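Chemist: Below is the structure I would like to discuss, written out as structure tokens.
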Amino acid sequence: MGDEKVKKSKAIILILVFAMLAFSAAACQKQSQSTAINQTAGTEESIFTNFNVNSVMSQPTSPTVFTIDQPCKITSILDYHYLNKGALPGTITLKSQDGTVYGPWKTEGTVGQGNVANANWIAKPNIVIKAGTYTVIDSDPATWSQNPKSNGCGFTEIKGIKQK
């Protein structure tokens, strides 16, 4: 009778070991798939910025233009409206050199330097645009910040995820 208990105990232990191994293998496989998805999706990065720390003026004297050499999913566009105590958020649009218009997208205002309300206008389009040259169009250029270091272009930062 003692041998039977030992055999049953060993059998139970083997079943538990196999169950733990199967669970562990499934967990590892799920982790690998998750990692692969993250690597394929890419990471958000700054695609374009012309921000600088010099004093600003309003009303850009030159168009704000950027070029990308591969398709990108544009996750956010930030335009800076520092003077005039900020400005009520409006819209941001992208216009491709080929004439294609993306947007306009409504923006959300956030606090900027010196606690200026609505100094930052942020749009979150989450769209893929093709490689090419684009002009940023702000709905309120009279309050859009620029300076000589930005070559008279409106302050803009564009973030996105490069696509393959």
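Chemist: Would you calculate the separation in nanometres between label points at T135 and T49, each defined as 7 Å from the Cα along the Cα-to-beta-carbon direction?
Modeler: The two pseudo-label positions are separated by 2.6 nm.
Chemist: Apply the Karplus curve 6.51 cos²θ - 1.76 cosθ + 1.60, θ = phi - 60°, to the phi angles in region 112-128 and return the couplings in whole Hz, x for Gly and Pro.
Modeler: Residue by residue, region 112-128 yields x, 3, x, 6, 6, 5, 6, 6, 9, 9, 10, 10, 10, x, 6, 10, 8 Hz.
Chemist: Roughly speaking, what is the centre-to-centre gap between region 117-145 and region 66-110 when only Cα atoms are used, to the nearest Å?
Modeler: Spelled out, the Cα-based centre of one part sits 1 Å from the other.
Chemist: Mind listing the long-range amide H neighbours of I47? Cut-off is under 5 Å, sequence gap 5 or more, other chains count too, H placed in the peptide plane at 1.01 Å from N.
Modeler: Correct list: I158, K159, G160.
None of the figures in this text is laboratory data; all of them are computed from the coordinates on show. This structure is a prediction, so every number in the text was calculated from the model and none was measured. Note: ideal-geometry Cβ built from the backbone for every residue, glycine included; neighbour counts use all protein chains shown.
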